[in-house]
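The structure appears below as structure tokens.
The numbers here are math on the coordinates, done by the rules we state, and not lab data. Note that the structure is predicted; figures quoted are calculated from it, not measured. Glycine also receives a Cβ, built like all others from the backbone with ideal geometry; neighbour counts cover every protein chain displayed.
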Amino acid sequence: MEPTNQNTSPQSTSPKKKVAPITIVVLLIVLVALTAGALYWANRNESSTSQPATSAIETTESSQAQISGEAEPSTLKADEVVNVSIYVDPGTEYVSAVGAEFTYTEDSLEFISIDNENSAFPTTALSSGGSGKVRIDAAIEPGTEPVTGKKLIAVVQFKALGNSGLTELAFTENTKVYNSEAKNILGTSPNIQITFEED
């Protein structure tokens, strides 16, 4: 009996494709670039959200500063002159700048001048009066420490036009007290009263 011829040759299999080393290197470079880009944008977004904006003025929850005024004399006759001293009292806070704005009745008072000579805020950005409104924006000198305690902002001088009754100087919403962090800490700003008496 003749032996059966058996095919002893190995079965043909599809050869495995080899990944070229250059392809692996390119993939690694792309992966590193993508990872670095993701980290960069993550850090940028984190820094932009964690840092507070310094240009905006915020009002603190414990606002306690007061801007007020004292008229001398508080009672006067027509054509007499009254000096109104504007003060800031920040309580236990420290102040670097102030903005005081108030209105007055033109039928009762005539604006004369604003004196900043003895002010605790010698750097004046705005000092104006007339047409029923007075505005003073001032700050401490650059490089000096913020101030605390009751301090003079300016002295505003008027001439009395009325000869009877009462008039008030009313602070507006533009009145601000800024601490060293540029936050508005104003709490109250009561009106200033002036009484007129007949000759």
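Considering only residues in the range 92-108 that are touching a residue at least 60 places away in the same chain (Cβ under 8 Å) and over 19 Å from the mean Cα position of the chain (by Cα), the one that is nearest to LYS151 (Cα to Cα) turns out to be PHE102.
Take residues that are buried (at least 19 other Cβ atoms within 10 Å of the Cβ) and among the hydrophobic types (A, V, I, L, M, F, W, C) and tell me which of the strands (runs of 3 or more DSSP E) falling wholly in the range 88-185 contain 1 or more. Answer list for the range 88-185: 95-103, 109-115, 133-139, 151-160, 165-171, 176-179. Does the range 131-144 include one or more residues that are at negative phi and among the small types (Gly, Ala, Ser)? The answer is yes; a qualifying residue exists.
Restricted to the range 62-86, and to residues that are part of a loop (DSSP other than H, G, I, E, B) and polar (S, T, N, Q), which residue is surrounded by the most Cβ atoms within 10 Å (Cβ to Cβ)? Checked the range 62-86; the qualifying residue surrounded by the most Cβ atoms within 10 Å (Cβ to Cβ) is SER63.
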